[in-house]
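The block underneath contains the structure these notes are about, expressed in structure tokens.
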Amino acid sequence: MPTELIAPAREEVAFHEYESPPLAPDEVRVRSRFGAAKHGSEMAMFQGYAGHRGNYDGELHIFTQESQMVKYPGGLGNMCVGEVIEVGSDVREISIGETVFAHGSFRQEHVWPADRARKLPAGVPWQAAVCLDPADFALGAVRDGHIRLGDAVAVFGMGAIGLFVVQLAKLAGAYPVIAVDPIPLRRDVAHECGADIVMDPTTCDAGLEIKLATDKRGADVCVDYSGHYSALQAALRGVTYLGTVVAGAWPGSYPAGLDLGAEAHFNRPTIVFSRACSEPNPEYPNWDENRLFSVVWRLLCDGSLKSEPVVQPVVPFGDLLEAYPKIATAPEENVKLGVSF
């Protein structure tokens, strides 16, 4: 039987054998070749810090304790790329032997509805496929922040989404684009992805340095994907008067100490919360998540967005019992965990 990676309990990982079901007429069976994790969202589940909120009620638009969002056991991993080895009787657009990808956990074999599986064009690296999500969230943040030609932009958190915000801001004509992260590896990747300035917030006052790097104005837009309250504080400190702070991370509860009475009160920035998959989109009906996917997929395929530097390290599937927990315990060793099967 095929094997998958699961979290049997909080902060635990295990391999688990499962039965691959028979195909429905509209489904395809895929043998996994590559995959990647989504660190922020998965850590909210794996580490359990989203659990105390309960679950989101889509009708009331509020979290309640009637059910739980965090449940164990649960699959780990976010997207997979693989070879089609069987197609359902009604499937016409996908053939055996083609390479496709979709959202899916780290498992050796997937059964996906054919209309969910996207084809990977020849010559496009598999890393582009597993970066479709998070790149759509990055584009959502850029649009929600109304980043425009000539804007100074500061991005906090050089995980995968932050790195794509850097790249998209550059494509939008922003200058300078400032990347802020305490981890050397991630700052190096930010440079590779086009950041004009990188800052280590553990060795400087990032808010002040952002002001000094922008003729004392501050960044027109600050985007936070670190999920750390100190980064949000620095964003409020470094944004220009009446500027915009985009809060895009999915953090746990912030500890006491976030100061909304200093620069935030005096400089009156607008704080925008961004989440590409919360629909309707602020620009609906012209924009929805499918359009975000379409735009970033084109940019990933034509090379306008770099994906290969973002997915690192890449480890064999059999090494995940050791490698996966390092997302939480050794963030300095990874940007976006990739897997080869």
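The values are calculated or read from the model by the stated rules, or taken from the named source; none is laboratory data. Fair warning: this is a prediction, and the values are worked out from it, not measured in the lab. Note: ideal-geometry Cβ built from the backbone for every residue, glycine included; neighbour counts use all protein chains shown.
Could you count how many residues in the stretch 28-59 are surrounded by fewer than 19 Cβ atoms within 10 Å (Cβ to Cβ) and within 16 Å of the chain's Cα centre (by Cα)?
Step one: list which residues in the stretch 28-59 are surrounded by fewer than 19 Cβ atoms within 10 Å (Cβ to Cβ), which gives 31, 33, 41, 47-49, 51-59.
Cutting the leftovers down to within 16 Å of the chain's Cα centre (by Cα) gives us 41.
So the answer is 1.
If you check F63 against the conditions, is it of a type in the set (F, W, Y) and free of Cβ contacts under 8 Å to residues at least 40 places away in the same chain?
Details: of a type in the set (F, W, Y): yes; free of Cβ contacts under 8 Å to residues at least 40 places away in the same chain: yes.
When the stated conditions are applied, F63 passes them.
Is it the case that some residue within the stretch 22-29 is of a type outside the set (S, T, Y) and under 29 Å from L163 (Cα atoms)? No, every residue in the stretch 22-29 fails to be of a type outside the set (S, T, Y) and under 29 Å from L163 (Cα atoms). Within the stretch 73-87, restricting attention to residues that are under 16 Å from R118 (Cα atoms) and not β-branched (V, I, T), the residue that is surrounded by the fewest Cβ atoms within 10 Å (Cβ to Cβ) is E83.
For the stretch 50-72, the criterion of a residue being among the basic types (K, R) and either assigned to a strand (DSSP E or B) or more than 30 Å from P251 (Cα to Cα) (or both) is satisfied by no position.
Of the residues A174, A235, which is in contact (Cβ under 8 Å) with a residue 60 or more places away in the chain and crowded, with 19+ Cβ neighbours inside 10 Å? Don't jump to the end; show me each part of the working.
Values: A174 fails: in contact (Cβ under 8 Å) with a residue 60 or more places away in the chain.
After applying the criteria, what remains is A235.
Summed over the stretch 295-341, the residues that are in a helix (DSSP H, G or I), touching a residue at least 40 places away in the same chain (Cβ under 8 Å) and of a type in the set (A, V, I, L, M) give a count of 8. Evaluating A169 against the criteria (1) surrounded by fewer than 20 Cβ atoms within 10 Å (Cβ to Cβ); (2) over 19 Å from C277 (Cβ atoms) leaves one unmet condition, (1).
Suppose the filter is more than 22 Å from S307 (Cα to Cα) and in contact with a Cys (Cβ under 8 Å, 6 or more places away or on another chain); does V221 pass it? Here the answer is no, as V221 does not meet what is asked. Summed over the stretch 95-108, the residues that are surrounded by 21 or more Cβ atoms within 10 Å (Cβ to Cβ), assigned to a strand (DSSP E or B) and not aliphatic (A, V, I, L, M) give a count of 2.
Only one residue in D220, D196, D205 is surrounded by fewer than 16 Cβ atoms within 10 Å (Cβ to Cβ) and acidic (D, E). Which one? Steps first, please.
Details: D220 fails: surrounded by fewer than 16 Cβ atoms within 10 Å (Cβ to Cβ); D196 fails: surrounded by fewer than 16 Cβ atoms within 10 Å (Cβ to Cβ).
Just one listed residue meets the conditions, D205.
Filter the stretch 13-27 for residues that are assigned to a loop (DSSP other than H, G, I, E, B) and without any contact (Cβ under 8 Å) to a residue 40 or more places away in the chain; which is nearest to the chain's Cα centre (by Cα)? That would be E19.
Picking from residues in the stretch 178-197 that are without any contact (Cβ under 8 Å) to a residue 40 or more places away in the chain and more than 19 Å from the chain's Cα centre (by Cα), the one that is farthest from L236 (Cα to Cα) is D196. Every test in (1) of a type in the set (V, I, T); (2) buried (at least 18 other Cβ atoms within 10 Å of the Cβ); (3) more than 15 Å from A249 (Cβ to Cβ) is passed by V180 save one, and that test is (3). Entry remark, the stretch 299-332: residues being in contact with a Ser or Thr (Cβ under 8 Å, 6 or more places away or on another chain) and surrounded by 13 or more Cβ atoms within 10 Å (Cβ to Cβ) number 4 in total. Contact annotation: residue pairs with Cβ atoms under 6 Å, 6 or more positions apart or on different chains, pairing a residue in the stretch 202-229 that is under 27 Å from F137 (Cα atoms) and of a type in the set (S, T, N, Q) with a partner that is at pLDDT 95 or above and assigned to a loop (DSSP other than H, G, I, E, B), are T202/P182; T214/A152; S226/G157.
Any chance the stretch 67-77 includes a residue that's of a type in the set (A, V, I, L, M, F, W, C), at pLDDT 95 or above, in contact with a helix residue (DSSP H, G or I) (Cβ under 9 Å, 6 or more places away or on another chain) and within 24 Å of G338 (Cα to Cα)? Yes: one or more hits.
Cβ separations smaller than 6 Å between residues 6+ apart or across chains give the following pairs from the stretch 134-153 residues that are buried (at least 24 other Cβ atoms within 10 Å of the Cβ) to residues that are of a type in the set (D, E, K, R) and at pLDDT 95 or above: A152/D220.
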